[in-house]
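Inspection log for the structure reproduced underneath, given as structure tokens.
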Amino acid sequence: MHLYKNFFRILRNNKTGIIIYAVIMAVMIVSLIFVSSSGSVGDTTVNVVSKISYVDNDDSPVSRGLIEYLSKGNEVTDMKDKSDSSIRDIVFFCLSDYHMTIPEGFGEGEGEIEYLTSLSSGSSTYFVEEQINSFMTAERSYEAMGYEVEEASEKAVELMSRETSIQEVVEEKEVRTSDFTLFYTDQFFCYLIFGFLCLGVGHTVIVNSDEKINNRIDTSPVGKKKISLVNTLGLITCGVVIWAVFMIINLVLGSGGPLMSEYWWAVALNLFVTMLFSCAMASLITSLPIAPNTLTMVTNIVSLGMSFLCGVFVAQEFLGENVLKVAKFLPMYWSVLANNMINTSYSGVDFDLEKFLMCIGIQAVFAIAFATAGAFVKSSRIGRSAG
């Protein structure tokens, strides 16, 4: 018992990593609560306004109608008095997102619009091209229906200038802003607890495994394997404490809501096995002959790499197929997938009990594999030291 107490005594003296990740966790949760309560989660309207310049060499009803239509949602400027070099400079310095030159005879179907854009105007180019194509399609359609060119252009301008409202009818669900906070808090859990255990607690494990301490142990009745066991128990204890903190957060924020009333057991189980494989990974990394500075670098590379690949920071639905194939060989992928199934309101992934239990089982297998590898490495190091 005195070794176990000594572990936490050393942990108090190496509390920098714990403080850092505790602050990160607190800031993240407060930020999520602020975002959800301020109404940022909801409908978003995006208006794209482009700066368009033009030279109209056709001056036909079609070209004038096109310019009139583009003027309704963009900043349109006539450049007929500018030289070619001046126009290039204007586009180069992004004073114009899209410059178009309408050729003579364009209204009669002769020639195509020539345009200039800067390297930073990719999105504007796309939207302007879509607007031009839509207008020309509408105008040609009215001509095909028998309208004169001038009337066809007027009707195309009128048609394309109408605002269309689209409403989606979906099944009514009870969605609370606190569920948004819980979804992302649990999503980041695997990243936070891994960093917390590796950096916050891992330094204590490394100090306990220091060569000078081991030499002192050789002269005492305490075996090295007992020290290794204490390190493992200390990691697990810290992991359980962090798991309990996150469960309290879930219970407080989700109190009375459908998420915790129906899936509290799933949240607890997923966070618990995530904690187990994080403890096992931290045990494996700290069992290697690694310096504290190197531990920081390795932890950041592993935690950030897995988080980006597995969908912690970027939703899995936005990751490429090849990325997901690689991610399936990492434990965080299955933790995130399970969390997505638990909170379907934001992920859109339906809860499937059989698939959820498979995610839990795979995480448990990873935990056993990492723990076994860590024990093997520690045993090998103890054996070489004894020899």
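Annotations for the structure displayed:
- Pairs over the 32 Å Cα-Cα cut-off, from the set K80/K155; K51/K325; K5/K378; K5/K325: K51/K325; K5/K325.
- The Cα atoms of region 277-387 give a gyration tensor whose axes a ≥ b ≥ c have a/c of 1.5 or more with a/b greater than b/c, which makes the shape prolate.
- In terms of its alpha-carbon gyration tensor, region 309-374 comes out oblate; a/c meets the 1.5 threshold, while b/c is at least as large as a/b.
- Between M297 and E150, the distance separating the two model label sites (each 7 Å from Cα on the Cα→Cβ line) works out to 7.6 nm.
- Pairwise FRET efficiency - I19 versus D81, Cβ, R0 = 45 Å, nearest 0.05: 0.10
- In this calculation the C-beta distance from T372 to V27 is compared with R0 = 41 Å, giving a FRET efficiency of 0.70.
- Summarising the amide proton neighbourhood of N57: residues at separation of 5 or more, or on other chains, whose placed amide H is nearer than 5 Å comprise I102.
- Residue order for I20, I242 - accessible surface, 1.4 angstrom probe, largest first: I20, I242
- In terms of the mean number of neighbouring beta-carbon atoms within 10 Å, the peptides 73-82, 187-196 order highest first as 187-196, 73-82.
- Inter-site label distance for Y346 and E114 at 7 Å from Cα along Cβ, in nm: 5.2 nm
- Loop sites in region 243-280: chymotrypsin sites (Phe, Trp or Tyr not before Pro), DSSP, at most 13 other Cβ within 10 Å: none
- Each residue, R162 and L251, gets one label point 7 Å from its Cα in the Cβ direction; the gap between the two is 5.8 nm.
- R9 exposes around 120 Å² of accessible area when a 1.4 Å probe is run over every protein chain in place.
The values are calculated or read from the model by the stated rules, or taken from the named source; none is laboratory data. Computed from a predicted model, the values in this text were never measured in an experiment. All Cβ positions, glycine included, derive from the backbone under ideal geometry; neighbour counts span all protein chains shown. The area values use the complete protein model at the heavy-atom level, side chains included, leaving out ligands, DNA and RNA. Shrake-Rupley method; radii C 1.70, N 1.55, O 1.52, S 1.80 Å.
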